[in-house]
2 protein chains.
Amino acid sequence: MSELQDHPVPDGEEGDEFALPQKLFDEILDAIETADAPRIDAILEPLHAADIADLLEQLDFRDRRSLLGLWTGMDGEVLSELDDNLREEVINELPADQLAEAVRELESDDVVDLVEDLESAQQDAVLRALDAPGRIAVEKALAYPEYSAGRLMQVEIVRMPEDWNVGQAIDFMRGEENLPDQFYHVVLVDVRLKPRGYVTLGRVLSHPREMPLKDLAEESFRTFHVEDKQGDVAYAFNQYHLISAPVVDDEERLVGVITIDDAMEVLDEEAEEDILRLAGVGIESEISDSTWGTVKQRLPWLAVNLLTAIIASVVISLFDETIAAVVALAILMPIVASMGGNAGTQSLTVAVRAIATRDLTGSNVWRVLRREMIVGLFNGVVFAAVMAAVGIVWFGSPALGGVIAAAMVINLVVAGLAGMGIPVLLDKLGVDPALASGTFVTTVTDVVGFFAFLGLAAMVLL
Amino acid sequence: MSELQDHPVPDGEEGDEFALPQKLFDEILDAIETADAPRIDAILEPLHAADIADLLEQLDFRDRRSLLGLWTGMDGEVLSELDDNLREEVINELPADQLAEAVRELESDDVVDLVEDLESAQQDAVLRALDAPGRIAVEKALAYPEYSAGRLMQVEIVRMPEDWNVGQAIDFMRGEENLPDQFYHVVLVDVRLKPRGYVTLGRVLSHPREMPLKDLAEESFRTFHVEDKQGDVAYAFNQYHLISAPVVDDEERLVGVITIDDAMEVLDEEAEEDILRLAGVGIESEISDSTWGTVKQRLPWLAVNLLTAIIASVVISLFDETIAAVVALAILMPIVASMGGNAGTQSLTVAVRAIATRDLTGSNVWRVLRREMIVGLFNGVVFAAVMAAVGIVWFGSPALGGVIAAAMVINLVVAGLAGMGIPVLLDKLGVDPALASGTFVTTVTDVVGFFAFLGLAAMVLL
């Protein structure tokens, strides 16, 4: 039996007991430098595959390469845990026989997860390494659309006729050689393999042998279709606190099972992607990306931003004579734009999340829009008062104070409306609101901010 | 047995099968208007508690109040699923006896989750509604620090002596009246109640009665301490694909169990909070917040932003004479600041997430900083070339083009360094990097952007 292990990794000197300790890195770097293969094996052997993957990700390219040359313990689980960019690098460096051995020990859904993002040459190499039944299972899964329930499910299922009792279930499981590593329910099916309910193992275990399974079935159960989107599946797991759920094909026959750990991973990925998209970073960004990989993730978004910044500058250029007459306008105008941009980002972030969690729908969108407008008005008035005071104290001009105050109110109301309205509109049009809203919203608040402030100034001050 | 239900909720007219259908809202609003209590019961009865909570959140205040007056089915699960702000509202409106009945049916960890954010008067009302053992369990959990494993765990545990075999385990579970609703492992303990390993139910079920449980224990298992932070627990569940894990006290005695569904909820909340913090929105923001609640979540952050915007304006004011001489500077300067702000936000978002997932540590921080600098340099040169061209074409001034190009390179390099360095520094200082980085980084990129652009212009163009 395993020893009691109080902490996932040995304590480092510093505070975070859940991060890999610095000492581990020092030791592994030392072992790499002295090309001490047995010591590397000894250091990595007790670590969880996920920690080994993290360690590989945190080494630099050269050290990682040396380590992979020395270490013989690479297995399928470590490959599964690696960031996509590194996985390709590692698979390229791994001898074919070692790759084959590593992949063969994985379950079919893990192999699918492993190969789906690989280039086709690498994908072929991995598939060739599998035995025929394994290869067929993986190829079948890859035939489902990307990000579908079919790709996420495992095909290893524990299913039973719906008229069995507890004793039959236990006898069946004791006799079965090929049970999945982890399972939490048995699925009851009818003669046409249509799922009819499921029973948790806890209930099977805590009832007498004569008890019919159907009497132990969960009150409600949900099935997914193979082509349901993974994001929707993860949402349903989180919303309804599911532990596992059957997946059916077009004929409503049971073809697989999705478990909560897979759903948890998808949920985590989706939130991560929302964060990265909102910040204008490619969703595949990883801290382990190469310099060139990082450039590729970021440059396109900066290019879009440049375009919108130029649009804002064109608006400013319409008022070049006004600015030449009153330079204070150039000094104050970024404040109006910045406040609008920030207020807009606040609204759009709340909107994007509420859309993702199905909390912003046709039934409350108008009420929420009205609320955003009132909030913008209120905040606008507060900061208008502050800026009016700043304008008067700093530049001694009540007129300038009045202009910036008015522009502030206008821009914060517009920010609220645009921040909430644009994501909703994009969602209706089938565009991911996290992806594009930020650019649109800040363009709106920049343009409106500069136009309102400089336009009013041109009317009032000149 | 339950019927097959292909979709979590009945299909609406539109695309999203996982959102509550509009028809449901139309029906419920109609029933509220006609004060048709039986129809409300009939509509809500088949819905999952989480869906009823969503529906309540999406109604406006008056409709919700009418519905709560008419509907008699409110139970503990619906209360558990409600947003915090609404939960307080609903608990205030609920008659004491109905509240008592609703709470009594919940497990202790759900009651803890329900009451921990309530005001103390409401908390007392809920606690009074519990029977003595339930109240003691909840009060004990509330004695642990907020956001600790002790608050998250359930105290209902299935534990056995480490020397039992499969048959003894099954007989014990069949005889036990008070098993938890959901459990996935049995925990093996020694005579001092110290956890020694755990066995999945699937393994118990698939082995003969004589098999010692010890031989079926998972290879590695992790325990948490009652005072471990929930975020760390969720991280470990996700990192190591845990399904459930024992929680121990200072004497290493087993006191509870945390299951993956609780960890999934925490993980979801943590990601949500990061998103909201990065956007400068209070972490308790909900789409169902009242207008005043929304103002309170957003105004403080806008006030901080106003301060930083004023700092940037002070920098601009240092160059008022330069701007008066060359108005084109006022037109172009927001571009430099905006590009810097965006590049900084990209870096800081990647940094904040990498810190949260323990992927950015002492072992790779210098390498990542160097990468950010090179990426900033590369992107800076690309956009410098574009802006030089714009400067020349738009304003016919190669000197102006040169100035904006140089400022762009400087600001994007600084953005990369500040975007990655500031979150790391804040984390070292024990400040949540998601909370404060954004303000610092954009202040840096604004100040550097304006200073570099206008300062160079003052030197070159005047």
Take A:Gly380 and decide whether it is farther than 18 Å from A:Asn342 by Cβ and either in contact with a Ser or Thr (Cβ under 8 Å, 6 or more places away or on another chain) or surrounded by 19 or more Cβ atoms within 10 Å (Cβ to Cβ) (or both). no
Considering the range A:37-62, residues that are touching a residue at least 24 places away in the same chain (Cβ under 8 Å) and more than 22 Å from A:Ser290 (Cα to Cα), and then whichever is surrounded by the fewest Cβ atoms within 10 Å (Cβ to Cβ), we arrive at A:Glu45
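Hey, among A:Leu205, A:Leu179, A:Leu193, which residue is in contact (Cβ under 8 Å) with a residue 40 or more places away in the chain and either of a type outside the set (D, E, K, R) or surrounded by 17 or more Cβ atoms within 10 Å (Cβ to Cβ) (or both)? Break it down stepwise before answering.
Numbers: A:Leu205 fails: in contact (Cβ under 8 Å) with a residue 40 or more places away in the chain; A:Leu179 fails: in contact (Cβ under 8 Å) with a residue 40 or more places away in the chain.
Result of the check over A:Leu205, A:Leu179, A:Leu193: A:Leu193.
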Among residues of the range A:230-251 being surrounded by fewer than 19 Cβ atoms within 10 Å (Cβ to Cβ) and either more than 10 Å from chain B (Cβ to nearest Cβ) or modelled with pLDDT of 95 or more (or both), the residue nearest to the chain's Cα centre (by Cα) is A:Asp249
Every listed condition ((1) facing chain B (nearest Cβ under 9 Å); (2) buried (at least 18 other Cβ atoms within 10 Å of the Cβ); (3) touching an Asp or Glu at 6+ places or on another chain (Cβ under 9 Å)) holds for A:Val166 save (1)
Of the listed residues (B:Arg367, B:Arg353, B:Arg358), the one being at negative phi and surrounded by fewer than 24 Cβ atoms within 10 Å (Cβ to Cβ) is B:Arg367
Of those in the range A:211-221 that are assigned to a loop (DSSP other than H, G, I, E, B) and either more than 9 Å from chain B (Cβ to nearest Cβ) or surrounded by fewer than 21 Cβ atoms within 10 Å (Cβ to Cβ) (or both), the residue modelled with the lowest pLDDT is A:Ser220
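Being polar (S, T, N, Q) and within 20 Å of A:Gly455 (Cα to Cα) is the filter here; which residues of the range A:379-409 pass it?
First pass over the range A:379-409, keeping only residues polar (S, T, N, Q): A:379, A:397.
If the condition is that a residue be polar (S, T, N, Q) and within 20 Å of A:Gly455 (Cα to Cα), then A:Ser397 is the only one that fits.
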Restricting attention to the range A:98-121, the residues that are not in a helix (DSSP H, G or I) and not aliphatic (A, V, I, L, M) number exactly 5
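Condition test on B:Arg277, is it on the phi > 0 side of the Ramachandran plot, among the charged types (D, E, K, R), under 21 Å from the mean Cα position of the chain (by Cα) and modelled with pLDDT under 95?
Details: on the phi > 0 side of the Ramachandran plot: no; among the charged types (D, E, K, R): yes; under 21 Å from the mean Cα position of the chain (by Cα): yes; modelled with pLDDT under 95: yes.
Judged against the criteria, B:Arg277 is not a match.
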In the set A:Ala385, A:Ala452, A:Ala458, A:Ala436, the lone residue that is of a type outside the set (Phe, Trp, Tyr) and closer than 30 Å to B:Pro21 by Cα is A:Ala436
When restricted to B:Ile311, B:Ile404, the only residue crowded, with 22+ Cβ neighbours inside 10 Å and either assigned by TED's automatic domain parsing to the domain that holds B:Thr445 or on the phi > 0 side of the Ramachandran plot (or both) is B:Ile404
Worksheet item: Got at least one residue in the range B:351-362 being in a helix (DSSP H, G or I), facing chain A (nearest Cβ under 7 Å), within 14 Å of A:Val281 (Cβ to Cβ) and within 27 Å of the chain's Cα centre (by Cα)?
Response: yes
Note on the range B:233-251: residues part of a helix (DSSP H, G or I) and in contact with a strand residue (DSSP E or B) (Cβ under 8 Å, 6 or more places away or on another chain) are B:Val233, B:Ala236, B:Phe237
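Among the residues of the range B:196-215, how many are more than 11 Å from B:Met160 (Cβ to Cβ) and under 36 Å from the mean Cα position of the chain (by Cα)?
Final tally of qualifying residues: 4.
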Within the range A:109-137, residues being of a type in the set (Gly, Ala, Ser) and touching a Lys or Arg at 6+ places or on another chain (Cβ under 9 Å) number 2
TODO: Tell me, yes or no, whether the range B:145-156 has at least one residue that is farther than 22 Å from B:Pro195 by Cβ and of a type in the set (D, E, K, R).
DONE: yes
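If a residue must be more than 10 Å from chain B (Cβ to nearest Cβ), surrounded by fewer than 19 Cβ atoms within 10 Å (Cβ to Cβ) and at negative phi, how many such residues does the range A:383-397 contain?
Applying the first criterion (more than 10 Å from chain B (Cβ to nearest Cβ)) to the range A:383-397 yields A:384-385, A:388-389, A:391-393, A:396-397.
After this cut, where a residue has to be surrounded by fewer than 19 Cβ atoms within 10 Å (Cβ to Cβ) as well, the list is A:385, A:389, A:392-393, A:396-397.
Narrowing the set further to residues that are at negative phi leaves A:385, A:389, A:392-393, A:397.
Total satisfying the criteria: 5.
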A:Asp268 fails exactly one of (1) facing chain B (nearest Cβ under 7 Å); (2) farther than 20 Å from A:Ala236 by Cα; (3) surrounded by fewer than 21 Cβ atoms within 10 Å (Cβ to Cβ), namely (2)
Taking first residues from the range B:267-287 that are without any contact (Cβ under 8 Å) to a residue 60 or more places away in the chain and of a type in the set (A, V, I, L, M, F, W, C) and second residues anywhere that are in a loop (DSSP other than H, G, I, E, B) and surrounded by 20 or more Cβ atoms within 10 Å (Cβ to Cβ), the pairs with Cβ under 6 Å that are 6 or more apart or on different chains are B:Leu276/B:Ser285
**OP:** Answer yes if at least one residue in the range A:282-304 is aromatic (Phe, Trp, Tyr) and over 24 Å from B:Gly416 (Cα atoms), and no otherwise.
**Re:** no
Out of (1) buried (at least 16 other Cβ atoms within 10 Å of the Cβ); (2) at the interface with another protein chain (Cβ under 9 Å from one of its Cβ atoms); (3) out of contact with any Pro (no Cβ under 9 Å at 6 or more places or on another chain), the one B:Leu188 does not meet is (3)
If we keep only residues of the range B:286-342 that are over 31 Å from the mean Cα position of the chain (by Cα), of a type in the set (Gly, Ala, Ser) and within 7 Å of chain A (Cβ to nearest Cβ), then the residue farthest from A:Met408 (Cα to Cα) is B:Ala324
Filtering the range B:199-210 down to residues that are part of a strand (DSSP E or B) and more than 9 Å from chain A (Cβ to nearest Cβ) yields B:Val199
In the range A:37-86, residues that are not charged (D, E, K, R) and not in a helix (DSSP H, G or I) total 9
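The values are calculated or read from the model by the stated rules, or taken from the named source; none is laboratory data. What you see is a predicted model; the values in this text were computed from it and never measured. Every residue, glycine among them, receives a Cβ derived from its backbone with ideal geometry; neighbour counts consider all protein chains shown.
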